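Take a look at the structure below.
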Amino acid sequence: MADDNTEKIDTYSFLNIKKAKSIFAKLDYTLRNGIHIQREYPLNVNLYRFLNESENYESLKNYYKDFFNLNLIKEGTDFNNYYYLNFNEDGKGNVPSDNRDYLKSEYIIIGMLFLKMFKLDGNIELDSVSEFTTLLYEEYEEQKNALRKLINDNSSDKSTDLSDQRFETVISKAFEKFGDLGWLKWEREDEKNKFKIMPSFERLRINYQPQIETIDDLIKELKDAE
């Protein structure tokens, strides 16, 4: 019996760390709300430092697997690594639905369009919601129209066409969601316009790389469905 208890303590060894008492509650809340933890985000750097300790990470992986049926994932390399919780292959986890994070399809398309502009099309200075919106209007007319159709089709009110103001509000909300996830960091929280891309934005690229590279074909499919 004593050996079993010792093994359990070792399995969750992060609980024995002195700092755990002041850090773990906030760390757990952050992870279970879908936020990605990395060197520059969240602002509480102690969360990243605690998680980035190899022994703490391994024991936290055991904790989330055993108690919540969740995977604690580490991705990225060296200075640009990041951490987040993900469901197991069965898609289930012992987390209340209010804490589960789902990206709307239009947000995913907006994120893919941003990555196309930023990485594939060489707009490396693209660092604000307003610049993204302007570029979409001026140089990506076909993509903009297809995106508007997608948003309008998903709207509960299909009686009228989507106005420019409503369309731009959806774009802003998409980037706000990216900020909530820790995929970007706002230069000013009270404005939420200019931002810095965080390493964890790579998660969208990793998950949708083939679609991002062929997004023009996806846009054509949306247009043809009109």
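In the set LYS192, LYS220, only one residue is of a type in the set (D, E, K, R), under 20 Å from ILE151 (Cβ atoms) and at pLDDT below 95; that residue is LYS220. Taking only region 155-179 into account, find how many residues are loosely packed, with under 14 Cβ neighbours inside 10 Å, at pLDDT 85 or above and of a type in the set (Asp, Glu). Adding up the residues that qualify gives 1.
Would a scan of region 129-142 turn up a residue that is modelled with pLDDT of 85 or more, among the charged types (D, E, K, R) and in contact with a Phe, Trp or Tyr (Cβ under 9 Å, 6 or more places away or on another chain)? No, region 129-142 contains no residue that is modelled with pLDDT of 85 or more, among the charged types (D, E, K, R) and in contact with a Phe, Trp or Tyr (Cβ under 9 Å, 6 or more places away or on another chain).
Among what's in region 111-154 and is open to solvent by less than 40 Å² (accessible area, probe 1.4 Å) and part of a loop (DSSP other than H, G, I, E, B), pick the residue that is farthest from LEU184 (Cα to Cα). Talk me through it step by step, then tell me what you get.
Step one: list which residues in region 111-154 are open to solvent by less than 40 Å² (accessible area, probe 1.4 Å), which gives 111-117, 126, 128-129, 132-133, 135-136, 140, 143-144, 146-147, 150-152.
Next, only the ones that are part of a loop (DSSP other than H, G, I, E, B) stay: 126, 140.
Working: LEU126: 13, TYR140: 23 Å.
Of everything passing the filter in region 111-154, TYR140 is farthest from LEU184 (Cα to Cα).
The set of residues in region 174-226 being in a loop (DSSP other than H, G, I, E, B), within 25 Å of TYR29 (Cα to Cα) and touching a strand residue (DSSP E or B) at 6+ places or on another chain (Cβ under 9 Å) consists of GLY182, TRP183, GLU187, ARG188, LYS192, MET198. Scanning for something open to solvent by less than 60 Å² (accessible area, probe 1.4 Å), more than 20 Å from LEU184 (Cβ to Cβ) and modelled with pLDDT under 95, does region 60-67 turn up at least one residue? Scanning region 60-67, I find no residue that is open to solvent by less than 60 Å² (accessible area, probe 1.4 Å), more than 20 Å from LEU184 (Cβ to Cβ) and modelled with pLDDT under 95, so the answer is no. Looking at region 46-59, which of its residues are closer than 15 Å to THR11 by Cβ and buried (at least 18 other Cβ atoms within 10 Å of the Cβ)? Of everything in region 46-59, those that are closer than 15 Å to THR11 by Cβ and buried (at least 18 other Cβ atoms within 10 Å of the Cβ) turn out to be ASN56, SER59. Each residue in region 17-45 was checked for being open to solvent by 70 Å² or more (accessible area, probe 1.4 Å) and in contact with a helix residue (DSSP H, G or I) (Cβ under 7 Å, 6 or more places away or on another chain), and 3 pass.
The values are calculated or read from the model by the stated rules, or taken from the named source; none is laboratory data. Note that the coordinates shown come from a computational prediction; the quantities given were computed from them, not determined experimentally. As a convention, Cβ positions derive from the backbone with ideal geometry for all residues, glycine included, and neighbour counts pool all protein chains shown. These accessible areas exclude ligands, DNA and RNA; they are computed on the full protein's heavy atoms, side chains included. Shrake-Rupley method; radii C 1.70, N 1.55, O 1.52, S 1.80 Å.
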